[in-house]
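Comments concern the structure below.
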Amino acid sequence: MSSTSPGTVRITLVPAPACHFCEDADEALTELASSFAFEVDRVPAETPEGLRLIAAHRPALNPLVLVDGAYFSAGRLPRKKLIKLLTDRGARLTAVGPDGR
């Protein structure tokens, strides 16, 4: 893992091979990176670190997603929930429009 500056939101994505929810989460994070400041650690599920995180958090589906080391979600990434969390933490890079986007 790389070092982050204080206050930076760290998202850990633990994807599994051939997982469509994992691909979707990766695409969502790439898209959100244009509007929010956060850093992503991708930890493949089959690596020792990935296996440790899965054993610790016991997700029902892949991918496991952690925010600042705490469980956030498993399975399909809840985009609105993540946007709210990033907004609440002051990570938004762009102005909010009237529709909340």
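Calculate how steeply helix 20-32 sits against the longest principal axis of the alpha-carbon atoms of the chain, using the helix alpha-carbon long axis, and give the answer as 0 to 90 degrees to the nearest 10.
Tilt relative to the chain: about 30 degrees.
How long is the chain along each principal axis, judged by its Cα atoms, biggest number first, in Å?
So the extents along the principal axes, rounded to whole Å, are 42, 29, 18.
Rounded to the nearest 500 deg cm²/dmol, what is the calculated helix-only ellipticity per residue at 222 nm for the chain, with -39500 (n - 2.57) per DSSP H run of length n ≥ 4?
Estimated from H runs of four or more residues: -10000 deg cm²/dmol.
Restricting to bridges with both residues inside the range 9-88, how much of the DSSP beta-bridge set is antiparallel, in percent to the nearest 5?
Expressed as a percentage, antiparallel bridges in the range 9-88 total about 60.
Search the structure for amide H atoms under 5 Å from the amide H of Leu77, placed 1.01 Å from N in the peptide plane, and list their residues when 5 or more places away or on another chain.
Ala25
Taking the Cα centre as origin and putting +1 on Lys and Arg beta-carbons and -1 on Asp and Glu beta-carbons, what dipole magnitude results for the chain, to the nearest 20 debye? Spell out each step's value before the answer.
Values: 12 positive and 12 negative charges, 80 e Å.
So the magnitude is around 380 debye.
May I ask you to derive the relative contact order of the range 7-80, considering only C-alpha pairs under 8 Å and at least 6 residues apart, and to give it as an integer percent?
45 percent
Read-outs throughout are calculated quantities, based only on the coordinates presented, and are distinct from any laboratory measurement. What you see is a predicted model; the values in this text were computed from it and never measured. Virtual Cβ from ideal backbone geometry, glycine too; neighbours counted across all protein chains shown.
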